[in-house]
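Trainee: Please read through the structure below; I'll follow up with questions.
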Amino acid sequence: MEPFKIHILGCGSALPTLRHNPSAQVVEIREKQFLVDCGEGTQLQMRRSKIGFNRLCAVFISHIHGDHCFGLIGMLSSFGLLGRTMPLAIYAPKELKPVLDMLLETFCNDFDYEIQFHAVDTKKRAVIYEDRSLTVESIPLKHREPCAGFLFREKPTLPHIRRDMIDFYSIPVSQINNIK
Ligand SMILES: [Zn+2]
């Protein structure tokens, strides 16, 4: 198991305060970074926390209240200005799509990276992201708007088996379920 690192960039609520930034958290595992919610000022908080922009591979938006997504278009714009080419996946309730399309069309239509929008069904639990090392599952949450939480789960790694020791101890292949 690799350690997960969580950077709490903001934990405040709808109205600004000097003590909290709006909601945004970066989950970091195996050199990959995932952003959960993107409140206003998230990109500045990433700078303050010395989180690079380049390793962010996906953004997860829990629900469509401004304090959870007002920072998104500014951050996407900055990625474009910095010459990002790696695609960025955005997982969010479907209601965000038309708003995001309009903002991207207006402000970010000549950037070199692709934004892949994935609508999250906030009514059911489902694996919405998967790569070699982890899965992310959506979890329906109660709120005034359709809302989902996100469960990051590392995949179990296979035990390390040495071919030379298998031969040495004459272990039958039928007893080994992950030999290469
Ligand atoms: Zn809310």
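Trainee: If each residue's Cβ is checked for other Cβ atoms within 10 Å, how do His118, His68 rank with the fewest at the top?
Mentor: His118, His68
Trainee: Just how large is the dipole of the chain about the Cα centre, in debye to the nearest 20, putting +1 at every Lys and Arg Cβ and -1 at every Asp and Glu Cβ?
Mentor: The calculated dipole for the chain is roughly 540 debye.
Trainee: Among Leu104, Ser62, Ile90, which residue has its Cα positioned farthest towards the positive end of the charge dipole of the chain, with +1 placed on the Cβ of Lys and Arg, -1 on the Cβ of Asp and Glu, and the dipole taken about the Cα centre?
Mentor: The residue sitting most towards the positive pole is Ser62.
Trainee: If I stretch the segment between Cys57 and Thr85 completely, what's the gain in nm (0.36 nm per residue apart, minus their alpha carbon distance), one decimal?
Mentor: So the chain would gain 8.9 nm between Cys57 and Thr85.
Trainee: Can I ask one more? Go ahead and set up a Gaussian network model of the chain, Cα springs under 10 Å, then flag whichever of Asp67, Asp37, Asp110 fluctuates most.
Mentor: Asp110
Trainee: Rounded to the nearest 10 degrees, what's the angle between the helix 96-107 long axis and the longest principal axis of the chain, both from Cα atoms, 0 to 90?
Mentor: On a 0 to 90 degree scale, this one is about 70.
Trainee: Given a Förster distance of 25 Å, report the FRET efficiency between Arg48 and Leu15 from their Cβ-Cβ distance, rounded to the nearest 0.05.
Mentor: After rounding, the FRET efficiency stands at 0.75.
Trainee: Which one, Ile161, Gln33, Pro146, projects farthest toward the positive side of the charge dipole computed for the chain from Cβ point charges (K/R +1, D/E -1)?
Mentor: Ile161
Trainee: Check which residues have an amide H placed less than 5 Å from Gly149's amide H, if you skip close sequence neighbours.
Mentor: So Gly149 has HN proximity to Ile139, Leu141.
Trainee: So what's the net charge close to Gly71: Lys and Arg +1, Asp and Glu -1, counting the other residues with Cβ under 11 Å from its Cβ?
Mentor: Taking every Cβ under 11 Å from that of Gly71, the sum is -3.
Trainee: Sorted from fewest to most neighbouring beta carbons within 10 Å, what does the list Tyr113, Tyr91 look like?
Mentor: Tyr113, Tyr91
Trainee: Right, next: Work out the FRET efficiency for Lys32 and Asp112 from their Cβ-Cβ distance, taking R0 = 30 Å, and round it to the nearest 0.05.
Mentor: 0.90
Trainee: Next question. Do any trypsin sites (Lys or Arg not before Pro) in segment 1-71 lie in a loop, going by DSSP, with at most 11 other beta-carbon atoms within 10 Å of their beta carbon, and if so which?
Mentor: Passing both the DSSP loop test and the Cβ count: Arg19, Lys50.
Trainee: When a/c is below 1.5 the answer is rounded, else prolate if a/b is larger than b/c, else oblate, so apply that to segment 1-126 with a ≥ b ≥ c taken from the square roots of the Cα gyration tensor eigenvalues.
Mentor: Because its axes are fairly even, with a/c under 1.5, segment 1-126 counts as rounded.
Trainee: Using the count of nearby Cβ atoms within 10 Å as a rough guide to exposure, how do Glu130, Glu137 rank from fewest to most?
Mentor: Listed from fewest to most nearby Cβ atoms, that is Glu130, Glu137.
Trainee: How charged is the neighbourhood of Ile29? Take every other residue with its Cβ under 13 Å from the Cβ of Ile29, and add Lys/Arg as +1 and Asp/Glu as -1.
Mentor: After counting each charged neighbour, the total is +2.
Trainee: For Val173 and Ala126, FRET efficiency with R0 = 35 Å and r from the beta-carbon atoms, rounded to 0.05?
Mentor: Calculated value: 0.45.
Laboratory data are not the source of any read-out in this text; all were calculated from the coordinates shown. It should be emphasised that the depicted structure is a prediction, and the values quoted were computed from it without experimental measurement. Cβ atoms come from the backbone with ideal geometry, glycine included; neighbour counts cover every protein chain shown.
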